[in-house]
There are 2 protein chains.
Amino acid sequence: MSEPVNKRPIGVFDSGLGGLTVLKAVMARLPHEDTIYFGDSGRAPYGSKSADTVTKFSLQNARFLLEQQVKMIIIACNTASSRAFDAVSQSAGLPVIEVIGPGARAAAQATRNRRIGVIGTRGTVDSQVYPAAIRRCLDGPADIYQQACPLFVSLAEEGWWDRPVTYDIARIYLEPLLERGIDTLVLGCTHYPLLSGVIAAAAGPDVRLVNAGAPIAGIVAQTLERTGLINDSRLPGKHVYFTSDSVEQFKTLGSAFLDEPVEQAYRIDIERY
Amino acid sequence: MSEPVNKRPIGVFDSGLGGLTVLKAVMARLPHEDTIYFGDSGRAPYGSKSADTVTKFSLQNARFLLEQQVKMIIIACNTASSRAFDAVSQSAGLPVIEVIGPGARAAAQATRNRRIGVIGTRGTVDSQVYPAAIRRCLDGPADIYQQACPLFVSLAEEGWWDRPVTYDIARIYLEPLLERGIDTLVLGCTHYPLLSGVIAAAAGPDVRLVNAGAPIAGIVAQTLERTGLINDSRLPGKHVYFTSDSVEQFKTLGSAFLDEPVEQAYRIDIERY
């Protein structure tokens, strides 16, 4: 007899390690769910790559997760969410969660002056999905300003989370947004929560930072409840990790991103999917 | 009747755009040679990826070039040269040029105090190929100090070639090497020549920078002459470019790296090779 669908794991993929900040929020909110995470570190980063390359990679990642019998897929990467959500959603045949909508809704709720900044990779910014999603959540006019911050992913992966030079780079990126008088700033990349101390310092006390981790976990919980897919186990969930590059490196860096040890990690050849 | 072998193009590959600094030196030295360049921007960068991922990618890149009937392959990437030279060389069946040896020899000739610094990606540094190659060129003892500079590739691709913050980052990376009293510094990554102004400023006037572009072009010329493969045409060489990501992006950034327009560029699906 096959396992009931609600006992199956939640599948999560990202270009590499950034999505672990989303997984962390999901694990906190839904401690009894099993999860399978795939980080495409062998082909990371996605942020500066073209829409069709990101779509092709995302479909391969989703096929790998489907083969693991997941009950849901979380695209824990803003670039992949902005470029490939429709393609993954249409091909998956099960609930697919993206990370743009929750951040956009949180920003719409947070703003007072309707001047909102969005920072992300070049791919996410070029896709224009955040301005469109934020406008859908707000009645009436709003001013939305975007800034691509390509160095932030390298700084996050390098562990330079609170260096003075990271602060200087944040100042350079944020200056054009601050000049526009934004009161809310969306961290539109799953790597950026690691830099939130420096980003908050550069943005100053009048700007609210939107980290979509908790709102995304909320959507995941709602979707599981609505579809009857929530795991009714009382045991702690099991967490398994796959990467397209070195397992050792994934374990070391991943444990820092997740703030707890990555124990079970395996390598796969994603190009076969 | 098939084309004489010496009329065939020289094949060059890199993880993305950095190898164009090598191609530029080869074009200057050998203006009558046709070239085919493949930049694996869809899977770039290679510098932080594991040895076997870099080897797998490099073998695919070489297979693509072999299909184009090249007469020689230049691995215009330090990470790929350090990780995959033997594998590519054994499988290619034609002359394969790597970029570590020429830089190591130039460093051995340049040093006076036998204290040499090497900067590169994490992959190149971990491979220890530079210290081994430099020691082979020097009789007697030598002190070789390495430093991985993972942010330099992003800064080069971002076009932040002479920003104050790039100088600050260079200071952070170079400080441990300068404390050791090096008199020579190898730019052990084909992206770094773009940052040479800032790196030279951070290193100070007493340190000689080694950019292996011209020495690599010299080895290419010698090898072609020795093997009778030099193109005796008097016409300017033709240069064709392939990328595994967006052609538009390759043309825009590539023209900046090469300092002349990239005209004929095409996209390929490298995972098929």
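The values are calculated or read from the model by the stated rules, or taken from the named source; none is laboratory data. Computed from a predicted structure; not experimentally measured. For neighbour counting, all protein chains shown are included, and Cβ atoms are generated from backbone atoms with ideal geometry for every residue, glycine included.
Take segment A:183-219 and flag every residue that is assigned to a loop (DSSP other than H, G, I, E, B) and either of a type in the set (A, V, I, L, M) or within 24 Å of A:Arg122 (Cβ to Cβ) (or both).
First, the residues of segment A:183-219 that are assigned to a loop (DSSP other than H, G, I, E, B): A:183, A:189-191, A:204-207, A:211-212.
Of everything in segment A:183-219, those that are assigned to a loop (DSSP other than H, G, I, E, B) and either of a type in the set (A, V, I, L, M) or within 24 Å of A:Arg122 (Cβ to Cβ) (or both) turn out to be A:Cys189, A:Thr190, A:His191, A:Val207, A:Asn211, A:Ala212.
Those helices (runs of 4 or more DSSP H) of segment B:60-160 in which at least 1 residues are out of contact with any Phe, Trp or Tyr (no Cβ under 7 Å at 6 or more places or on another chain), surrounded by 20 or more Cβ atoms within 10 Å (Cβ to Cβ) and within 14 Å of chain A (Cβ to nearest Cβ), considering only elements entirely within it, cover B:78-92, B:122-127, B:151-157. Which ones in segment B:251-273 are in a loop (DSSP other than H, G, I, E, B), surrounded by fewer than 18 Cβ atoms within 10 Å (Cβ to Cβ) and of a type in the set (A, V, I, L, M, F, W, C)? Within segment B:251-273, just B:Ile268 meets the criteria. Taken over segment B:176-220, the criterion of being farther than 25 Å from B:Ser255 by Cα and within 14 Å of another protein chain (Cβ to nearest Cβ) is satisfied by B:Ala202 alone. Total residues in segment A:222-245 satisfying the condition of being surrounded by 13 or more Cβ atoms within 10 Å (Cβ to Cβ) and either within 11 Å of chain B (Cβ to nearest Cβ) or in a helix (DSSP H, G or I) (or both): the figure is 5. Among the candidates A:Tyr266, A:Tyr273, A:Tyr173, the residue that is within 13 Å of chain B (Cβ to nearest Cβ) and over 28 Å from A:Arg105 (Cα atoms) is uniquely A:Tyr273. Of all residues in segment B:157-189, those that are modelled with pLDDT of 95 or more, within 21 Å of B:Tyr46 (Cα to Cα) and touching a Gly at 6+ places or on another chain (Cβ under 9 Å) total 4. For segment A:32-41, the tally of residues that are buried (at least 24 other Cβ atoms within 10 Å of the Cβ) and more than 15 Å from the chain's Cα centre (by Cα) stands at 1.
Between A:Glu248, A:Glu179, which is within 21 Å of A:Thr21 (Cα to Cα), surrounded by fewer than 16 Cβ atoms within 10 Å (Cβ to Cβ) and either of a type in the set (A, V, I, L, M, F, W, C) or more than 21 Å from the chain's Cα centre (by Cα) (or both)?
Details: A:Glu179 fails: within 21 Å of A:Thr21 (Cα to Cα).
So the residue among A:Glu248, A:Glu179 that is within 21 Å of A:Thr21 (Cα to Cα), surrounded by fewer than 16 Cβ atoms within 10 Å (Cβ to Cβ) and either of a type in the set (A, V, I, L, M, F, W, C) or more than 21 Å from the chain's Cα centre (by Cα) (or both) is A:Glu248.
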